Amino acid sequence: MKHDAKIESQINKLEEKYKNSGQDLSSYLDGLLYQRFLTYWDYIHLDTLLSLQVPRTHFPDEEIFIMYHQITELYFKLILHEQKQIVEDKSQDVVFFTEKVRRINNYFKALISSFGIMIKGMEREQFLRYRMALLPASGFQSAQYRMIEIYATPLENLLHRSIRKNDHSDESIEELYENIYWKRGATDLATGEKTLTLKQFEIRYTPRLLRIANQVKDSTIYHKYLQLPETSKNNEELIQALKELDLNANVNWPLMHMGSAYRYLGKEGKEVDATGGTNWKEYLPPSFQKIIFFPTLYSDYELDTWGKQWVDHIFNPASKEYKE
């Protein structure tokens, strides 16, 4: 039987592809012949995925808590997947840049809209009981979120607010990292003692985070924007996408965490400690931290009032959004 021209062309291309592999094309075709048909469940490792929820208690809502955080980490991985492409791109193509930032925003929007599961999707009494079996684990220990921040902007923009405006030009990545804002959120300000949550995190992830910070020292997403030609830098669609990313990551996402923390930890006249020992009322509010990835895109007024309207809403006694 004769092959048509298209099949013959494909065979020739396959022969070219495999000629330097040490095996001829016939061997690979034999492998294809004997290979099982791919199934959906094998391709995404469905059975493994569904076996990864292992509650520590008998409370049914703990499984919701586990799955929600696992889903969140998968979205973080998607965000990092896009960030790495921006950082590694050499083309300075504004269309490519804008599309990747838009994808990141779509992932953040999905995360932000899904946080209702955490705010209203679990019984408070169950949460307050099973959370005690999770000590000292905390969402504070999400390394992927710290990676997202490091890929987005120079460490100078992630320093604690109290020292951010100082001159840090002579400091190394390692020195800057020691003063990154989130470390204060898990440190006793009176004694300077780090919580166990922070100590665990530093042992596990500090080498990796420092390695990434050194790799992107001059090529974060903010660097990539500043390095664009002037015409591309003024592209309105890119600017709007970057500003939306800033708001999603540094206002809307922390805001949703505050809503959850307020519902579960701050009701009934007394404040409940977070599992990681973080002071969430000081750590989460965006107007307290004022983390901004792309500061030159904003007016002085916007910088001064960053996140303020959202925090005022959360702490406004007339607001009933998180007091149900």
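The values are calculated or read from the model by the stated rules, or taken from the named source; none is laboratory data. Keep in mind that what you see is a predicted model, and the values were worked out from it rather than measured. In this analysis, Cβ positions are derived from the backbone assuming ideal geometry, glycine residues included, and neighbour counts consider all displayed protein chains.
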Scan region 228-249 for residues that are assigned to a loop (DSSP other than H, G, I, E, B) and either outside the structural domain of TYR298 (by TED's automatic domain parsing) or among the hydrophobic types (A, V, I, L, M, F, W, C) (or both) and report the count. 1
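Which of the helices (runs of 4 or more DSSP H) contained wholly in region 1-54 include at least 1 residues that are in contact with an Asp or Glu (Cβ under 7 Å, 6 or more places away or on another chain) and small (Gly, Ala, Ser)?
Result: empty, no element qualifies.
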I'm told ARG102 meets every condition in (1) closer than 26 Å to LEU78 by Cα; (2) of a type in the set (Lys, Arg); (3) in contact with a Lys or Arg (Cβ under 7 Å, 6 or more places away or on another chain) except one. Can you identify the failing condition by its number? (3)
How about region 176-229: which of its residues are aliphatic (A, V, I, L, M), in contact (Cβ under 8 Å) with a residue 40 or more places away in the chain and within 28 Å of LYS90 (Cα to Cα)? LEU209, ILE212, ALA213, VAL216, ILE221, LEU226, LEU228
Among the residues that make up region 37-55, is at least one of them within 27 Å of LEU134 (Cα to Cα), of a type outside the set (A, V, I, L, M, F, W, C), at pLDDT 95 or above and in contact with a helix residue (DSSP H, G or I) (Cβ under 6 Å, 6 or more places away or on another chain)? yes
Unmet requirement for ASN252, which otherwise passes all of (1) outside any helix (DSSP H, G or I); (2) at pLDDT below 95; (3) crowded, with 16+ Cβ neighbours inside 10 Å: (1)
Just one of TYR205, TYR225 is within 22 Å of TRP306 (Cα to Cα) and part of a helix (DSSP H, G or I); which is it? TYR225
